[in-house]
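Every read-out reported here was derived from the displayed coordinates using simple, explicitly stated rules and does not represent laboratory data. All of these numbers come straight from a predicted model, not from anything done at the bench. Positions of Cβ are backbone-derived with ideal geometry, glycine not excepted, and every protein chain shown enters the neighbour counts.
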Amino acid sequence: MPPLAAVAAVVIVIVLLLVLNGPGHTSGPGPALQPPTPLATTPPVTPTRTHTPTPTPTPTRTAPVEEPSATTTPAVAKAPVTVLNNSRRSGLASRAAAQLSSGGWRIAEVGNFTGRIPVSTVYYVPGQKAVAQNLAHQFPAIQRVHPRFSGLPGSGLTLVVTREWPA
């Protein structure tokens, strides 16, 4: 069979399938197998396809989520803070504690630290990192946030202030 005849045969088969399966065609036994109906008593019945619409989901509305702005302090609980002076400036820890207190932080203890810390640092216990970061965010003079090390006085958050603390 030449190629053109083969293509024509395929097209004819596709057209026949479309006609047989198109609208208005029903599957099932043909008229020869159905019982005859009297012509005068009942009108002919034409089968129709019914379309049941698929329900469209109704979108649910949720309340808008408010993102914190860069200028707001994160809503993190405040923990008691031990404030330690690591400088030769007399009373620095007390002045720093007063600043923290006026910022809404509870002061657990005030004292001195005899080790050597290079810059003002807040130390936190496990689970309190976000609270320590909140404190550092509120008081920019805190230059570092680190996990608590053994031998550090106080419990929870401990702020060691150094000579650059603005007080």
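Some points to look at:
- Exposure proxy for Thr82, Thr162: other Cβ atoms within 10 Å of each Cβ, ordered fewest to most, give Thr162, Thr82.
- Simple label model, 7 Å out from Cα along Cβ direction - Val11 to Ser102, nm: 9.2
- Selection from Ser90, Gln133, Ser101, by position along the positive dipole direction of region 81-161 (Cβ): Ser90
- In the distance distribution for region 81-161, Cα-Cα pairs more than 23 Å apart total 8 percent.
- Computed from the C-beta positions of Lys78 and Ser150 and an R0 of 22 Å, the FRET efficiency is 0.35 to the nearest 0.05.
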